[in-house]
Amino acid sequence: MVTYDPSILYLNCNASSSFSEEEENQITESISKNGICIIRNFQSAESVSTLKKEAELVCKFGYGIGIGNNLPYVSGQLFSEFRFPYLVSEAAMQYLMDHRLMSTLRNSLGDDFFIHHSLFQISHPRKEQILDFHIDCGSQKALNKKTKFDDYRIRSILYLTDVTSGGFSYIMNTHEKALKTFMNLPDGELFPEDQVPLDDPNRIINVNEKAGTLVLFNTHGLHRGEIPKETRIVLNTWFAQRDFKATVNPTPFNYSFIKPHQKEHLHVFNSPSHYPTEDFINQNLIPQSSKNKIKSMIRKTIGI
Ligand SMILES: O=C(O)CCC(=O)C(=O)O
Ligand SMILES: [Fe+2]
């Protein structure tokens, strides 16, 4: 029999106080049992407002002024995204380095976890479902092609707008079975619709919650984003364990945003050695004209 426990799914917290031991245990237990935990009021209204403003700016204009000196945004009909949140936003860094988030992640991922991907994301209102229930096993497609990775990962979504439609949906406690099903499929095949357990409505949650809410989930659980009727803005960060098998590029960050007492958390920016920065730069992933600029930017940020 499949078990899940909705009673530990939501935590209402006070954005300015530490978690009690009981609260920390609840989050860890919910991630392990349900595959997900939703923490309401994780981020203060002031921080959310700064993050939202910054996200809107960089998703629209990128960051930096001048030709060849601009960190790009990616914009389409469905999304606008900016992939360097920790390089440009002190508020993002303060959210990330908060000991509540760090110790919560440590409880689920172990001591040596790292960020393999992060972005500010704006979802534009739309009319159709673009992606049905699925699990996330891929990594950067440009670096890893279609390869699937079964490594355990936690994704965090911090809501920066009140979400009343188009919230994140998750089917509780599907992370073990769905992973097996998906890994056995040929590369490129979508998760089979008839294997999505839709029979028990209490097992499916739709996270329509206020700005400041933090969603933490095991990426192997079945999930999808619903159709947003209004603009939805989030800060997304993916965390993996050090032995993560996929090839990852470095997550650039701004050292000056880190307070002395937060330096112990800097390991989250250390990409595993199997894709050194220099290799990344020397691949043909980046046009020759941008290579030197990017090299010096990365050197400045990570001090190599
Ligand atoms: O942002 C969301 O609500 C979910 C999107 C999703 O599943 C994905 O990006 O893999
Ligand atoms: Fe996904």
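The values are calculated or read from the model by the stated rules, or taken from the named source; none is laboratory data. Just so you know, these numbers come straight off a predicted model, no measurement behind them. Methodologically, a virtual Cβ is constructed for each residue, glycine included, from the backbone with ideal geometry; neighbour enumeration extends over all protein chains shown.
Restricting the search to the range 1-48, which residues are of a type in the set (S, T, N, Q), farther than 17 Å from SER156 by Cα and loosely packed, with under 12 Cβ neighbours inside 10 Å? Across the range 1-48, the qualifying residues are THR3, SER7, ASN14, SER16, SER17, SER20. Of everything in the range 54-75 that is under 25 Å from PRO125 (Cβ atoms) and of a type in the set (Val, Ile, Thr), the residue that is surrounded by the most Cβ atoms within 10 Å (Cβ to Cβ) is VAL58.
Could you check the range 46-70 and list, in sequence order, the residues that are touching a residue at least 40 places away in the same chain (Cβ under 8 Å) and touching a strand residue (DSSP E or B) at 6+ places or on another chain (Cβ under 9 Å)?
If the condition is that a residue be touching a residue at least 40 places away in the same chain (Cβ under 8 Å) and touching a strand residue (DSSP E or B) at 6+ places or on another chain (Cβ under 9 Å), then VAL48, LEU51, LYS52, GLU54, ALA55, GLU56, VAL58, CYS59 are the ones that fit.
Could we say that MET102 is in contact (Cβ under 8 Å) with a residue 60 or more places away in the chain, crowded, with 22+ Cβ neighbours inside 10 Å and touching a helix residue (DSSP H, G or I) at 6+ places or on another chain (Cβ under 7 Å) here? No.
Filtered by the rule that a residue be closer than 22 Å to PHE42 by Cα and surrounded by fewer than 17 Cβ atoms within 10 Å (Cβ to Cβ), the range 240-260 gives a lone residue, LYS259.
For every residue, the table says whether it meets (1) assigned to a helix (DSSP H, G or I); (2) within 16 Å of ligand 1 (Cβ to nearest atom); (3) under 25 Å from ASN12 (Cα atoms).
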position: LEU87; (1), (2), (3): yes, no, no
position: ALA91; (1), (2), (3): yes, no, yes
position: MET102; (1), (2), (3): yes, no, yes
position: SER108; (1), (2), (3): yes, no, yes
position: ILE130; (1), (2), (3): no, yes, no
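Of all residues in the range 1-21, those that are more than 20 Å from SER32 (Cβ to Cβ) have Cβ atoms under 9 Å from Cβ atoms of residues that are part of a strand (DSSP E or B), 6 or more apart or on another chain, in ASN12/ILE39; ASN12/ARG40. Looking at THR219, THR213, THR237, just one residue is within 13 Å of ligand 2 (Cβ to nearest atom), at pLDDT 95 or above and either surrounded by 20 or more Cβ atoms within 10 Å (Cβ to Cβ) or not polar (S, T, N, Q) (or both), and that residue is THR219. Under the condition of being closer than 11 Å to TYR159 by Cα and within 10 Å of ligand 1 (Cβ to nearest atom), the residues counted in the range 201-239 number 5. So is VAL207 within 15 Å of ligand 2 (Cβ to nearest atom), in contact (Cβ under 8 Å) with a residue 40 or more places away in the chain, under 16 Å from the mean Cα position of the chain (by Cα) and closer than 16 Å to GLU226 by Cβ or not? Answer is yes for this residue.
One residue stands out in the range 163-190 among those that are under 26 Å from LYS127 (Cβ atoms) and surrounded by 19 or more Cβ atoms within 10 Å (Cβ to Cβ): the one that is farthest from ligand 2 (Cβ to nearest atom), namely VAL163. Based on what the data block shows, is THR147 assigned to a loop (DSSP other than H, G, I, E, B) and more than 14 Å from ligand 1 (Cβ to nearest atom)? For THR147, the condition - assigned to a loop (DSSP other than H, G, I, E, B) and more than 14 Å from ligand 1 (Cβ to nearest atom) - is met.
Quick one: in the range 111-162, of everything that is of a type in the set (Val, Ile, Thr) and more than 16 Å from ligand 2 (Cβ to nearest atom), which residue is farthest from VAL248 (Cα to Cα)? The qualifying residue farthest from VAL248 (Cα to Cα) is THR161.
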